[in-house]
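Here is the structure we will look at.
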Amino acid sequence: MALKQIDHGTPEYLQMIKLREEILRRPLGLQFDPAELANEKGDILLGAFDEDKLLACCLLTKVDARTVKLRQMAVQNNLQGKGIGASIMNFAEIIARDKGYKNMTMHARNTAIGFYEKFGFRVFGEEFTEVNLPHHAMEKKIG
């Protein structure tokens, strides 16, 4: 498995959109807005690949000079629980730290909180609804 940064607009990025739609959006009856995807040009796009096939992905969005937000974490359904999510989480943290970020935040679906806690993230604030699901904000010091 290869972990790498993906460039916006490339065939790898199109695979990333497809995986995120399949795992994160379609089950909720949602679709991506073209403007939303255009805004990802400034994000750090990360993927886990088996040869040319995308297995998992996530995005890192700059919040400020010290903080980056992990977003749109997705692993192919048939590969969940096999360590691929853990690999991309560790890769995302290394990339963020290498780019000088000191903090990582996210909005985690309540069903995924336990997964992120394994990597040292902690919940803060009250529960809120995002994409029609209960979420909590989470954070971790990485620098």
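Checked against the criteria, G83 does not count as at pLDDT 95 or above and closer than 27 Å to A2 by Cβ.
Counting the residues of the range 23-49 that are within 19 Å of G85 (Cα to Cα) and either at pLDDT below 95 or of a type in the set (A, V, I, L, M) (or both) gives 7. In this structure, does E117 turn out to be under 21 Å from D7 (Cα atoms) and either surrounded by 15 or more Cβ atoms within 10 Å (Cβ to Cβ) or not small (G, A, S) (or both)? Here the answer is no, as E117 does not meet what is asked.
Only residues that are of a type outside the set (A, V, I, L, M), without any contact (Cβ under 8 Å) to a residue 40 or more places away in the chain and crowded, with 16+ Cβ neighbours inside 10 Å: list them for the range 69-87, please.
The answer is K69, R71, G85.
Answer yes or no as to whether T105 is closer than 21 Å to P27 by Cα and among the hydroxyl-bearing types (S, T, Y). Taking the combined requirement at face value, the residue does not satisfy it.
The values are calculated or read from the model by the stated rules, or taken from the named source; none is laboratory data. Source: prediction; values computed, not measured. Note that we place each Cβ from the backbone using ideal geometry, even for glycine, and neighbour counts take in every protein chain shown.
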